1. If I take the Cα coordinates of region 122-179 and project them onto the principal axes, what are the three extents in Å, biggest first?
2. Of the peptides 150-157, 76-83, 172-179, 139-146, how do they stack up when ordered by the mean number of other Cβ atoms within 10 Å, highest first?
3. Over what distance in Å are the Cα centres of region 122-163 and region 225-249 separated?
4. Using the beta-carbon distance between residue 120 and residue 257 and R0 = 22 Å, what value does 1/(1 + (r/R0)^6) give for FRET efficiency, to the nearest 0.05?
5. May I ask you to compute the full-extension gain from residue 149 to residue 98, defined as 0.36 nm times their residue separation minus their alpha-carbon distance, rounded to one decimal in nm?
6. Which shape class applies to region 36-267: rounded if a/c is under 1.5, otherwise prolate when a/b exceeds b/c and oblate if not, where a ≥ b ≥ c are the square roots of the Cα gyration tensor eigenvalues?
7. Between residue 245 and residue 65, what is 0.36 nm times their sequence separation minus the Cα-Cα distance? Round to one decimal in nm.
8. Note down the nm distance, to one decimal, between modelled labels 7 Å out along Cα→Cβ at residue 44 and at residue 227.
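Only the coordinates and a few stated rules stand behind these numbers; no lab work does. Every value quoted in this text rests on a predicted model; they were computed, and no experiment measured them. Note that we place each Cβ from the backbone using ideal geometry, even for glycine, and neighbour counts take in every protein chain shown.
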């Protein structure tokens, strides 16, 4: 898990909004157990709005057991930050802070009781989450696939891009595999009127460039991801989400009630990648030119104008200042992307060498 920033500067994870450049695929055939299912025409992505700034967002709280690992921001509203339980928050009470931190989260934790502007930000994000659920759950499509496998997936299934609809419970069996097969711009919307249950040791996989950020699970009931199971996509539920012991998700959890984590791993930072060769930011120009083998000086940061242009967010200049002792350097990685960091042992003004990271798309 990347090292959490100790400066107290607010950070925003990568947006999970789907790519707007879409493609069209041809029909690949009818569905049956173990066969490939496909779409006739492209579909628009679901717009997450500002909810896309969160790895986990809920209305009734987020709880965890020890051992969970979250990459991305965590938020709950309209309930207070005290509903973020098990995270050992710092500060432990909201007080005058706009957010809290946790050793289990690479990102910030927000509750409605944190200081302004957090309550308004959370309210807008929750509204965006609700709108995204409504859009995904009600999305019309003339080629919609209805009641696939009668809601009970076989041991192996491959899904091509499209809209899928079920009128009741959907289950992925113990040890089962569901593979989303498509390009990086293709979209999937899964409309489930009942619960979604992903069995123990089941796997949701991606092939041929498919992205978790383009898979939307709109579930009217509860979502349960089983012990040691792995899932991909954006979970939008009208009720709650339970990530059971050792389960993992590449994507995000958006619940209109609560989210529970049991030593689970949630990553909304999937597009981050490390550079193999050590690199350096050019401090003077505030861009990524002039790279070399070392990072030196008392302050490593991008200039305000470049940072504003690249991220389109308010500046967080102090996020880029190495601290004495356990130092770090952060290189932003695209619009709305969570920080990438690494710990170094050294003193302020010293030289940091041998590691850097940035977004694979930059």
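1. Principal extents (Cα only, largest first): 41, 29, 21 Å.
2. Values: 150-157: 15.6, 76-83: 20.2, 172-179: 18.4, 139-146: 13.1.
Output ranking for 150-157, 76-83, 172-179, 139-146: 76-83, 172-179, 150-157, 139-146.
3. 15
4. E between residue 120 and residue 257, to the nearest 0.05, is 0.50.
5. So the extension gain works out to 13.7 nm.
6. On the way: a/c = 2.14, a/b = 1.62, b/c = 1.32.
Cα axes put region 36-267 in the prolate bin.
7. 63.9 nm
8. Using points 7 Å along Cα→Cβ, the separation is 4.4 nm.
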